[in-house]
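Working notes, beginning with the structure itself.
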Amino acid sequence: MSCTRPKILFPIVNKPLLQWTFERLAANNFTDVVLAVFHQTEMYIKQHRVPRCGVHVAYSHDPFNKPLGTGGSIKKTEKHIGHDAPFIVLNGDIFADVNYRELFKVHKEKKALATIALHSVEDPSRYGVADLAKDKSIKKFIEKPPCESAPSHLINAGAYVLSPGIFDIIPEGRAVSIEREVFPKLADEGTLYGHVFEGLWMDIGKPEDYLAINRKMLEAHTGKHKPKTGKNVQIKKPVAFDKKVSIGQNSAIGPYAVLGRNVIVGNNVHIQNSLILPGTVISDSSSVEGAIIGEGVTIGADVRIAEGCIIGDHARIKDGVSLAEGVSVCPANQVSKSVLASDRKC
């Protein structure tokens, strides 16, 4: 999926992740946003015409052939941000219901150089892990430690407040990891603090997590658009439809199904626990269960797509094909024969 779009444009209940982020920032009275991206990502964002929700957006670009890392990208935004006040940094592939005001409050009370939003997870080995003291100072910060050596289950939730003095610490002109180089140093100096929050948090980096956040948000945001339906169509909530969705007769949609704009569903089709991105066509008597279907995909008649499958944008699945559990299809590829469980990718 990320071959053809940056993760910040992955839709969550038919709304790009970046739009959810803009909405949350606007609700917290932020007026200016700097996106640290490659030029290509900026192009994708502008093509998608993501609503800015009233915030002013500027772009800071990493060199095309020289990624600067998390810290280096922050350093490059210095000319946009200046040195007047603390600012918040958000990871682009995280969906989190963080109260930014509370995070700023802790930052100012502790006179911190950096304050990280922390969230408790079962497996901290995928993330930066904090050893938090009672006074909210972070005694130790370790990036992606093995589970057995992790100091806690409190991880960097991908949101942190930084004071302008951080620009003096991050080296210029080279790649810098703020998680591996800067945060551990600040912890040793006693200027790194943490704020634990209990709200919704999800990293969409894994397909099962991406499906899970859509399921969670479906329970609260089912959308306002109604599809055009034939006779005897069953719609089992929660479901969400974007504009101009068409569903043929005797089809069953849901529960936990999201259909994007201009999706066409044939007769006798069953879709459950799946994401169908815009412009996809699903022909008669096919079934999709627990799968992610990309944009502009054509699925033939009598096709079976099993749980955990991912179909890249503009792929074509021919009539009568069955895809076993966990099969991935690359963008623009054509599949004319059934794919067994042992053939995970095509």
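The values are calculated or read from the model by the stated rules, or taken from the named source; none is laboratory data. Note that the structure is a prediction, hence the values are computed from the model and not measured. Counting neighbours? That spans all protein chains shown, and the Cβs are built from the backbone with ideal geometry, glycine included.
Details
- Of all the listed residues (VAL321, VAL339), the sole one being over 24 Å from ILE247 (Cβ atoms), hydrophobic (A, V, I, L, M, F, W, C) and in contact (Cβ under 8 Å) with a residue 12 or more places away in the chain is VAL339.
- Search result, residues across region 118-141 that are hydrophobic (A, V, I, L, M, F, W, C), crowded, with 18+ Cβ neighbours inside 10 Å and more than 19 Å from ILE213 (Cα to Cα): VAL129, ALA130, LEU132, ILE138, PHE141
- Lone unmet requirement of (1) assigned to a strand (DSSP E or B); (2) among the charged types (D, E, K, R); (3) at pLDDT 95 or above for LYS140: (3)
- Pair list, Cβ under 6 Å, 6 or more apart: region 280-306 residue closer than 22 Å to LEU9 by Cβ, other residue in a loop (DSSP other than H, G, I, E, B) and acidic (Asp, Glu): GLY294/ASP313; GLU295/ASP313; GLY296/ASP313
- In region 150-174, residue surrounded by the most Cβ atoms within 10 Å (Cβ to Cβ) [restricted to those that are small (Gly, Ala, Ser) and closer than 20 Å to VAL106 by Cβ]: ALA157
- Pair list, Cβ < 7 Å and 6+ apart or interchain, from region 79-100 residues that are closer than 19 Å to ARG24 by Cβ to residues that are surrounded by 15 or more Cβ atoms within 10 Å (Cβ to Cβ) and polar (S, T, N, Q): PRO86/SER163; LEU90/THR21
- Set side by side, the residues ALA130, ALA212, ALA175, ALA159 differ, and just one is in contact (Cβ under 8 Å) with a residue 24 or more places away in the chain, outside any strand (DSSP E or B) and assigned by TED's automatic domain parsing to the domain that holds LEU17, which is ALA175.
- Against the test of being in a loop (DSSP other than H, G, I, E, B) and in contact with a Lys or Arg (Cβ under 6 Å, 6 or more places away or on another chain), the options LYS243, LYS231, LYS226 yield a single qualifying residue, LYS243.
- Residue within region 7-26 that is in the same structural domain as GLY128 (by TED's automatic domain parsing), more than 27 Å from LEU277 (Cβ to Cβ) and surrounded by fewer than 18 Cβ atoms within 10 Å (Cβ to Cβ) present: no
- Checked against the criterion of being crowded, with 18+ Cβ neighbours inside 10 Å and not in a loop (DSSP other than H, G, I, E, B), region 55-67 contains one or more residues that satisfy it.
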